[in-house]
Amino acid sequence: MTRILAALSAAVCLTAGLAAAPAAAAPAAAEHRPRTLGELAEKHHKYFGSATDNPEFTDAAYLKLLGSEFGQTTPGNAMKWYATEPERGVFDFTAADQVVAFAKAHHQKVRGHTLIWHNQLPAWLTEGTWTPDELRAILKNHIQTEVRHFKGQVMHWDVVNEAFNEDGTYRETLFYKTLGPGYIADALRWAHETDRHAKLYLNDYNVDGIGPKSDAYYTLIKQLKADGVPVEGFGIQGHLALQYGFPADVQQNMQRFADLGVEVAVTELDIRMNLPATPDKLATQATWYADYVKACLAVKKCVGVTIWDYTDKYSWIPAVFPGEGAALPYDENLLPKPAYYSIKKVLGG
Ligand code: G3I
């Protein structure tokens, strides 16, 4: 009996000891936890984020990484016009609120994307015929209602997305054709009236280096600033493809916008390739990601980098460019690829 009691008591002590061990060891383990991309970027006073989309919110493993690894998020679709004002004057922020609530719960900054774009517009808007006065009123109401709804929760707004063609001429959108180029200044002013703290951006792709399209933004932003229009940021989307080569002058291009007095953000970075992905292509991709992030680190007014979702599982690329993909730093099984480690290294991890 005594022997049984002694054995029991030893077992209890052992169990207690084991139970106590993880609690005592927890702080040390936390200290040695590898820093996340978001935390590493913060040491440089920048953010590192990922876009996301609502259908992905049913994927727990995906959400765990989204909430832990990144310091910023952008709703990939939820803030676009078709989602937020599906009928004229009827607003629906359900999907966008879901993303913003997730970001808040995980201490992430939010980029608002996007108030004016020629894509993903509701049918009532594209199929209607509008006088300039009508369209101006619709635009103002859309911008101000959305900006008001997210006031204090959105750090940047992509006020106008993709306003220029590749040759630097204005894209002939519904807004441009009806209102002329002045719609951009109006939109910026209306957004600023509603939220004086959100930074207002113009955002586009193929503006990584110096060329006709980025020149058009340079000229426009210079003029807007001279006219006292509240433009505060230039968003460089950064949708690259291995087969087209790494853009030249990325850092110089960022710096010239910074020198105009606006901040710069890399807003939608991804680097696609022709499939299948090979170790060589993944290695080149890793170098490109590192070089892009390095350029942002070298420019004080480059405030952060957002990748256009973080896993190949949810990339937009295969649907739009058949035969291409593998564009993001995590693979389809949510495992980090060489690009993840190269970004981490550049950030000092
Ligand atoms: O909502 C419908 C759904 O009802 C339907 O069942 C499904 C069937 O295909 O389509 C759904 O719509 C899709 C939508 O995303 C929402 O998931 C569209 O087909 C699809 O074309 C759309 O793609 C988005 C694309 O913008 C549209 O141009 C991508 O998710 C989004 O990542 C992408 O993001 C853009 C940025 O906003 C601007 N810069 C370029 C970037 C990549 O194209």
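Please treat every number below as a calculation from the coordinates, not as lab data. These figures come from a predicted structure and were not determined experimentally. Neighbour counts are summed over all protein chains in view; Cβ atoms, including those assigned to glycine, are modelled from backbone coordinates with ideal geometry.
The calculated P(r) of the chain, using every Cα pair and 20 Å bins from 0, goes 29, 53, 13, 5, 1 in percent. Using only the Cα atoms of region 61-122, build the gyration tensor, take square roots of its eigenvalues as a ≥ b ≥ c, and label the shape rounded, prolate or oblate: rounded if a/c is under 1.5, else prolate if a/b is larger than b/c, else oblate. In terms of gyration-tensor shape, prolate.
Summing +1 for each Lys or Arg and -1 for each Asp or Glu among the other residues whose beta-carbon sits under 15 angstrom from that of Thr178 gives -1. With each label modelled as a point 7 angstrom along the Cα→C-beta vector, the Lys177-Thr145 pair spans 2.4 nm.
Under the simplified labelling scheme, the Thr169-Thr129 pair shows an inter-label distance of 2.5 nm, with each label point 7 Å from Cα along Cα→Cβ. Across region 198-213, rounded Karplus estimates of 3J(HN,Hα) from the backbone phi angles (6.51 cos²θ - 1.76 cosθ + 1.60, θ = phi - 60°) give 5, 8, 9, 10, 10, 9, 7, 10, 6, 10, 5, x, 7, x, x, 6 Hz, Gly and Pro being marked x. Proximity of backbone amide H atoms, modeled 1.01 Å from N, is registered between Tyr47 and Gly304, Val305 at under 5 Å, excluding neighbours fewer than 5 places apart on the same chain. Charge dipole (Cα centre; +1 on Lys/Arg Cβ, -1 on Asp/Glu Cβ; no other charges) of the chain amounts to roughly 1240 debye.
Helix 94-105 and the long axis of the chain differ in direction by around 50°, with both axes built from C-alpha atoms. For the chain, the 222 nm mean residue ellipticity estimated from helices alone, with every DSSP H stretch of n ≥ 4 adding -39500 (n - 2.57) and the total spread over all residues, rounds to -14500 deg cm²/dmol.
Taking amide H positions as modeled 1.01 Å from N, with prolines and chain starts lacking one, the residues under 5 Å from Val207 and 5 or more places away or on another chain are Gln237, Gly238. In summary, region 86-238 shows an alpha-carbon radius of gyration equal to 1.03 times the 2.2 N^0.38 Å reference for compact globular proteins. Could you tell me how many degrees, from 0 to 90 and to the nearest 10, lie between the Cα long axis of helix 60-69 and the main elongation axis, the longest principal axis, of the Cα atoms of the chain? For helix 60-69, the angle is close to 80 degrees. Counting only DSSP beta bridges with both residues in region 37-347, the antiparallel share comes to about 10 percent. The residues packed around Ile307, meaning those with a beta-carbon under 11 Å from its beta-carbon, carry a net charge of -4 if Lys and Arg are +1 and Asp and Glu are -1.
Think of region 37-347 as having a plus end and a minus end, set by charges on the Cβ of Lys, Arg, Asp and Glu; of Ala319, His107, Ala95, His107 sits farthest toward the positive end of this dipole. Straight Cα distances below 28 angstrom link Lys344 to the lysines Lys43, Lys46, Lys64, Lys104, Lys109, Lys199, Lys281, Lys294, Lys300, Lys301, Lys313, with same-chain residues fewer than 8 positions distant left out. Remark: region 42-52, residue by residue, has Karplus-estimated 3J(HN,Hα) of 4, 4, 9, 6, 10, 10, 10, x, 9, 6, 8 Hz, where x stands for each Gly or Pro and the curve is 6.51 cos²θ - 1.76 cosθ + 1.60 at θ = phi - 60°. First select every other residue whose beta carbon is under 13 angstrom from the beta carbon of Gly348; then total the charges, Lys and Arg +1, Asp and Glu -1. Result for the local shell: +4.
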